[in-house]
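Here the structure comes first, spelled out in structure tokens, and everything after it is commentary.
The values are calculated or read from the model by the stated rules, or taken from the named source; none is laboratory data. Bear in mind the structure is a predicted one, so any value in this text is a computation, not a measurement. Note that we place each Cβ from the backbone using ideal geometry, even for glycine, and neighbour counts take in every protein chain shown.
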Amino acid sequence: MSNLNRFLFATLVLVSVVTPSVSFADEPSGFPWDIPQSKPDRPLSAAMERLYTNYLTPRPEDNELFSSFKYTRLEGFDYHDGDGTISRRDPSKVLRINDKYYVWYTKRDTDTPPQGAAKCTDTIPSTDWDLCEIWYATSNDGFTWKEQGVAVPRPPKPQVGWRSVATPDVLAWKGKYYLYYQGFMEASGTKGDHCPVAMSYADSPDGPWTVHGDVVVPNGAPGEWDQFSIHDPYPLIYNGKIYLYYKAAFGDRPEYLVANGLAMADDPAGPFVKHPLNPLLNSGHETAYFPFKEGIAAFATTNGNESNTIQYAPDGINFQIAAVTSLIPIASGPHVPDAFDSNGNGRGISWGLSHFTNPGTWAKSHSILARFDCDLSLDVDDPAMK
Ligand code: AAL
């Protein structure tokens with residue numbers, strides 16, 4: 001071999017080591033280098049078939065409902081060095097009101113961390129969301145928050161929520177604000193997490209909040225899928241009606257298959273009529289929803305076969321998997337600019353708050369709020385999305 005040939009041979013070996021093994025010459029017949037946008041006219045494997053039938057687009061990069069997620073620690077919240085006595089979790093949607101962002105969330109501030117159902121007392125919490133109140137915070141930029149105080153305290157026994165009020169979400173409707181939340185009548189864990197949904201209302205996002213008093217979304221009748229609990233209420237306005245999505249479990253423990261349903265009303269105090277096709281999502285815990293084009297998109301996280309998917313229902317009812325992803329924000333409360341006025345033209349989301357929790361041990365068990373950013377906005381230049 002001449003010196004020149006040795007050089008060319010060595011270069012060839014190097015190039016073949018550092019370049020991917022697929023080359024144009026290796027393309028399987030019927031598939032050009034890039035995945036075609038429409039289904040190729042040839043027999044396909046089951047996996048390739050569903051690439052065209054199960055998702056919005058075959059490539060996630062082209063899929064408007066595909067995103068990965070970036071997380072940022074928030075400034076402004078004290079957690080007692082993570083000793084488990086302070087917890088903030090289950091943030092509501094983030095609303096922008098008079099140039100300020102608002103969020104409501106479950107806050108626990110107890111002398112001890114949670115001790116489990118067997119050891120809980122009037123002052124010792126059973127779980128992270130036992131003996132809680134609903135607090136709120138505001139921010140100018142979505143990163144640094146100022147805790148403003150309690151929005152809904154625990155009412156006296158035996159009113160709805162006397163043991164704990166938790167997991168709020170917010171509705172703005174005809175100039176008033178409504179907080180929907182879980183009202184615990186006994187410590188979480190003693191009977192699973194049985195509880196109904198209660199509501200408080202105010203003329204201003206800063207309160208004062210008036211307790212409506214009654215259960216607003218009642219549990220299902222014995223034998224129905226949502227007979228034990230109604231969790232994670234999440235109101236939107238859709239088709240001119242209040243659409244309140246919620247979570248329940250088939251059975252009296254969350255591990256008995258968590259699903260999500262819908263109750264609809266013309267008035268924030270109800271009556272809420274449950275959709276006859278409930279449940280509408282077969283997976284998902286603390287599910288977040290947002291208007292997207294003419295329909296509703298949802299994050300299915302944590303529970304079920306379809307966990308870690310972003311789903312879409314063009315009618316708000318019949319959800320399909322639109323994208324599979326990972327690290328979806330847990331218990332997220334997105335900033336949804338058109339949550340209450342999408343008019344069939346939902347613009348998606350670009351950020352929100354979610355929570356992180358350390359469930360491994362009771363010893364220091366607590367949750368913290370965090371910010372997530374994502375790529376699910378249909379108009380990134382729209383200042384309302386920021
Ligand atoms: C959360 C939510 C509900 C449950 C508990 C607090 O993940 O699903 O709110 O009751 O856990």
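Just one of the listed residues (ALA172, ALA248, ALA202, ALA151) is of a type in the set (Gly, Ala, Ser), more than 21 Å from CYS132 (Cα to Cα) and in contact with a strand residue (DSSP E or B) (Cβ under 7 Å, 6 or more places away or on another chain), namely ALA172.
Cβ-Cβ contacts under 6 Å between residues 6 or more apart (or on different chains), taken from a first residue in segment 311-332 that is farther than 15 Å from PRO60 by Cα to a second residue that is surrounded by 18 or more Cβ atoms within 10 Å (Cβ to Cβ) and of a type in the set (D, E, K, R), are listed as ALA331/ASP90; ALA331/GLU286. Restricting attention to segment 136-170, the residues that are within 16 Å of the ligand (Cβ to nearest atom) and among the small types (Gly, Ala, Ser) add up to 3. Of the residues screened, ALA263 is not one that is within 15 Å of the ligand (Cβ to nearest atom) and assigned to a strand (DSSP E or B).
Scanning segment 239-254 for residues that are modelled with pLDDT of 90 or more and surrounded by fewer than 24 Cβ atoms within 10 Å (Cβ to Cβ) yields a total of 5. The residues of segment 214-240 that are farther than 20 Å from PRO279 by Cα and either assigned to a strand (DSSP E or B) or within 16 Å of the ligand (Cβ to nearest atom) (or both) amount to a single one, VAL215. Here THR190 passes the criteria (1) more than 23 Å from the chain's Cα centre (by Cα); (2) away from the ligand (no atom under 16 Å from the Cβ) except the one numbered (2).
Within segment 171-181, does at least one residue satisfy the condition of being away from the ligand (no atom under 16 Å from the Cβ) and of a type in the set (Lys, Arg)? Yes: one or more hits. Considering only residues that are surrounded by fewer than 18 Cβ atoms within 10 Å (Cβ to Cβ) and within 12 Å of the chain's Cα centre (by Cα), which ones fall in segment 309-359? Listed by number, the list holds a single entry, LEU327. Taking VAL211 as the residue in question, decide whether it is closer than 21 Å to HIS285 by Cα and surrounded by 16 or more Cβ atoms within 10 Å (Cβ to Cβ). In short, no.
Taking the criterion of being in a loop (DSSP other than H, G, I, E, B), among the hydroxyl-bearing types (Ser, Thr, Tyr) and touching a Phe, Trp or Tyr at 6+ places or on another chain (Cβ under 6 Å), the only residue of segment 74-132 that qualifies is SER92.
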